[in-house]
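The next block holds one structure in the form of structure tokens; read it before the comments.
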Amino acid sequence: MKVKVLLLGSESECQRLRIYLRDDEISVVGIVSDENRVLEEISKTAADLILVTNTSPMSLRACQQIYLLRPRSVPVVLTQENDLDALQKIIETGVHYILPAQMEPAALISELKGIFTNEVNRILSLENSSASPSKSKVVLVFGTKGGIGKSTVAVNLAVKLAQRQNRVVILDYSFQFGCVGTMLGLSNRSTISELVQEQVSPNADLTRQFLALHSSGVSALLAPNSPEDGAAITARQAEQIISVLRVYYDYIIIDSAPVLNDITTVCLDCASVIVFITKCDIASLRNAKKGLAIVEALADSEKIKLVVCDDLNGQIRESDIARVLSRPIWQVIPHDYRAATEAVNLGKPVVESYPMSKLSKGLEQLALKIDGGNLMDLKGAKKNSLIYKYKRR
């Protein structure tokens with residue numbers, strides 16, 4: 001099977017690349033100089049890869065449209081840019097592959113073939129998720145009261161999983177008072193409320209149009225701007241959104257409201273892993289014990305992972321919590337009020353703004369447990385990325 005490549009950029013640059021890409025396994029299916037025509041050309045040519053030769057605002061806008069509206073076609077950006085902030089802007093459009101502009105033809109051909117193979121394997125594995133549900137994981141982050149670190153865990157877990165080269169989307173299912181957008185510094189221009197108003201039964205392509213993109217690579221479906229708008233969202237719609245996004249993402253992280261209702265019940269049913277959050281004070285443990293009893297009645301007990309977001313200061317030991325809740329602690333995430341608060345005020349995940357804090361280290365360990373592997377895997381993630389290759393050349 002030949003890799004079908006569509007070239008986007010100036011006529012002269014694209015003609016140069018056409019000559020470079022002469023290979024038995026690559027077919028250049030067209031050249032587009034007008035960014036407004038790129039979606040039309042993708043539909044005509046069924047291009048696998050779109051090779052973007054510049055990073056003008058119009059070209060980056062085209063990349064975002066490709067990401068949202070033509071998810072089976074993959075934009076690959078060639079750039080001479082080596083400034084991290086500039087590269088971050090490219091990533092925010094949904095681009096996962098950035099290559100140096102001045103590459104030898106053989107190296108460029110090899111990279112494109114590798115990208116194509118990776119994307120084909122990813123899509124095939126996700127489409128087979130009904131037969132192998134572990135291919136796409138739904139992680140529900142749940143707790144029985146507010147202020148226990150639930151949203152902090154959900155947001156930073158999503159970012160850490162994305163750093164491990166996973167495709168990650170986070171759903172803010174705390175419809176009345178969701179704060180995922182605030183924690184990620186994202187504008188709430190498009191939310192789940194507008195999505196379900198647009199289409200009663202959202203499909204994959206429409207849902208992706210309402211996702212906000214974070215610089216870490218995490219996509220986010222944000223909570224409604226007004227608490228009353230959340231009441232109009234049904235459990236069936238919440239379940240439909242989870243279902244259609246499974247094909248495109250390795251991980252779907254759900255930040256749920258701290259209540260047990262029909263939306264939560266649907267999420268419990270869909271979840272591959274339920275991260276049950278509690279603090280270690282007596283009031284929180286009493287609530288957690290009641291909540292766990294209900295969750296265990298609604299979901300497979302093996303899916304439930306108990307996570308304590310607090311410092312174990314000796315007054316209440318880990319063994320005491322496990323005994324009270326009749327469940328072993330899966331992960332302890334140390335409390336760091338200053339780092340968590342300042343991260344929210346900055347609109348940045350704490351794992352990015354305070355990566356060396358004890359809170360970030362605990363969140364890193366949680367991501368490792370969910371995604372598998374070891375510490376070397378996470379430390380090596382950036383070295384395996386194409387952006388890292390670019391910086392090293």
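Below are the figures for this structure:
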item	result
Within region 213-234, considering residues that are more than 25 Å from V159 (Cβ to Cβ) and modelled with pLDDT under 90, the one surrounded by the most Cβ atoms within 10 Å (Cβ to Cβ)	D229
Residue pairs meeting the criteria (Cβ under 6 Å; at least 6 apart or on separate chains; first free of Cβ contacts under 8 Å to residues at least 60 places away in the same chain, in region 268-285; second in a helix (DSSP H, G or I) and surrounded by fewer than 18 Cβ atoms within 10 Å (Cβ to Cβ))	L285/V324
Qualifying residue in region 244-260 (condition: in contact with an Asp or Glu (Cβ under 7 Å, 6 or more places away or on another chain) and either over 30 Å from L359 (Cβ atoms) or of a type in the set (S, T, N, Q) (or both))	yes
Residue check, I263 assigned to a strand (DSSP E or B), under 14 Å from F142 (Cβ atoms) and among the β-branched types (V, I, T)	no
Residue within region 281-304 that is over 13 Å from T144 (Cβ atoms), over 28 Å from the mean Cα position of the chain (by Cα) and crowded, with 18+ Cβ neighbours inside 10 Å present	no
Selection from region 23-52 of residues that are surrounded by fewer than 21 Cβ atoms within 10 Å (Cβ to Cβ), in contact (Cβ under 8 Å) with a residue 40 or more places away in the chain and not acidic (D, E)	I26, T45, A46
Residues within region 305-342 that are among the charged types (D, E, K, R), within 26 Å of the chain's Cα centre (by Cα) and surrounded by fewer than 16 Cβ atoms within 10 Å (Cβ to Cβ), tallied	2
Scope region 158-172; condition in contact with a strand residue (DSSP E or B) (Cβ under 6 Å, 6 or more places away or on another chain) and closer than 21 Å to A340 by Cα; matching residues	A158, L161, A162, I170, L171, D172
Spans of helices (runs of 4 or more DSSP H) in region 136-249 with at least 2 residues in contact with a Gly (Cβ under 8 Å, 6 or more places away or on another chain), assigned by TED's automatic domain parsing to the domain that holds C309 and within 27 Å of K348 (Cβ to Cβ)	150-163, 180-184
Of all residues making up region 53-82, the number that are crowded, with 17+ Cβ neighbours inside 10 Å and either touching an Asp or Glu at 6+ places or on another chain (Cβ under 7 Å) or of a type in the set (F, W, Y) (or both)	7
Residue list for region 35-83, restricted to those being part of a strand (DSSP E or B) and among the aliphatic types (A, V, I, L, M)	L49, I50, L51, V52, V74, V76, V77, L78
Search result, residues across region 308-337 that are out of contact with any helix residue (DSSP H, G or I) (no Cβ under 7 Å at 6 or more places or on another chain) and under 21 Å from G178 (Cα atoms)	Y337
Top-ranked residue of region 78-113 - restricted to ones that are charged (D, E, K, R) and at pLDDT 85 or above, ranked as farthest from E25 (Cα to Cα)	E104
Condition check for L39: farther than 24 Å from T117 by Cβ and assigned by TED's automatic domain parsing to the domain that holds E119	yes
Single match in V38, V29 (criterion: modelled with pLDDT of 90 or more and in contact with an Asp or Glu (Cβ under 9 Å, 6 or more places away or on another chain))	V29
Scan of region 7-25 for residues that are over 16 Å from S56 (Cβ atoms), touching a helix residue (DSSP H, G or I) at 6+ places or on another chain (Cβ under 6 Å) and not in a helix (DSSP H, G or I), ordered by number	D23
Region 60-75, residues that are under 16 Å from D34 (Cβ atoms) and either of a type in the set (S, T, N, Q) or outside the structural domain of V95 (by TED's automatic domain parsing) (or both)	Q65
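The values are calculated or read from the model by the stated rules, or taken from the named source; none is laboratory data. Here the structure is a predicted model, which is why all the values come from computation and not from measurement. FYI the Cβ positions are ideal-geometry reconstructions off the backbone, even for glycines, and counts take in every protein chain you see.
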